[in-house]
1. Identify, among Gly51, Val73, Val133, the residue whose Cα sits farthest towards the positive end of the charge dipole of segment 8-144, taking +1 on the Cβ of Lys and Arg and -1 on the Cβ of Asp and Glu, with the dipole about the Cα centre.
2. Using alpha carbons only, how many degrees (0 to 90, rounded to 10) separate the axis of helix 24-36 from the longest principal axis of the chain?
3. For a Förster distance of 22 Å, can you work out the FRET efficiency between the beta-carbons of Ala88 and Arg131, rounded to the nearest 0.05?
4. How large are Rg and Dmax for segment 8-144 when only the alpha carbon atoms are used, in Å?
5. How much length is gained on full extension from Leu56 to Val8, taking 0.36 nm per residue of separation minus their Cα-Cα distance?
6. Return the whole-Å distance between the Cα centroid of segment 64-119 and the Cα centroid of segment 4-42.
7. About the Cα centre, and with charges only on the beta carbon of Lys, Arg (+1) and Asp, Glu (-1), how big is the dipole of the chain? Nearest 20 debye, please.
8. Sort Tyr28, Tyr77 so that the residue with the fewest other Cβ atoms within 10 Å of its own Cβ comes first and the one with the most comes last.
Amino acid sequence: MSQDTQQVKTVVLVKCVDWRLHETAEEYIKQQLQSQYPDHLIKIYVLRVAGACKDLDDASKHASDIMGIAHDVEYMYLCNHLNCGAYASRVASEGLDAQGEEEMHRNEVARLKDIMQEKFPELNIISLIERLVNDAGAGMIELDI
Ligand SMILES: [Zn+2]
């Protein structure tokens, strides 16, 4: 099948600018959607903002921009990651332990998901939390929430 006639599943991924994140989320999404739609090409627009879901206005504004250009978007993945620099001061000031930090990220992606779902009711929105294996990066998706 040629690229021109191949059906496409289009995704917007919101993730952090952290260089340690590599392509883990992209690969995870491709794998997940490819198993559901083996004949489709999976196209991912990656929106990288500091802290991913941290700045809700920023993330939703840029997502709206993408949605304005790409009319065929069906999926949106919101991916926060643990040990995120953008959240470091909040984690410190609230004295969060590892579990507390994880819970905070769950709440953050849930909050943005609600906002996005209201804005784009037609989208399938999936929340992810990525855990870095070590400081050199190579993240892994541990939670699909
Ligand atoms: Zn980050």
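Rule-based calculations on the coordinates, nothing more; no lab input. Treat the numbers as computed from the prediction; the structure is a model and nothing was measured. Glycine gets a Cβ as well: all are built from the backbone with ideal geometry, and neighbour counts include every protein chain shown.
1. Farthest towards the positive pole: Val73.
2. With both axes taken from Cα atoms, the answer is about 40 degrees.
3. Working from the Cβ atoms, E equals 0.90.
4. My reading of the Cα-based Rg and Dmax gives 14.6, 49 Å.
5. Numbers: separation 48, 0.36 × 48 = 17.28 nm, distance 2.82 nm.
Using 0.36 nm per residue and subtracting the Cα-Cα distance, I get 14.5 nm.
6. Here the answer is 18 Å between Cα centres.
7. 160 debye
8. Details: Tyr28 19, Tyr77 25.
The order, fewest Cβ neighbours first, is Tyr28, Tyr77.
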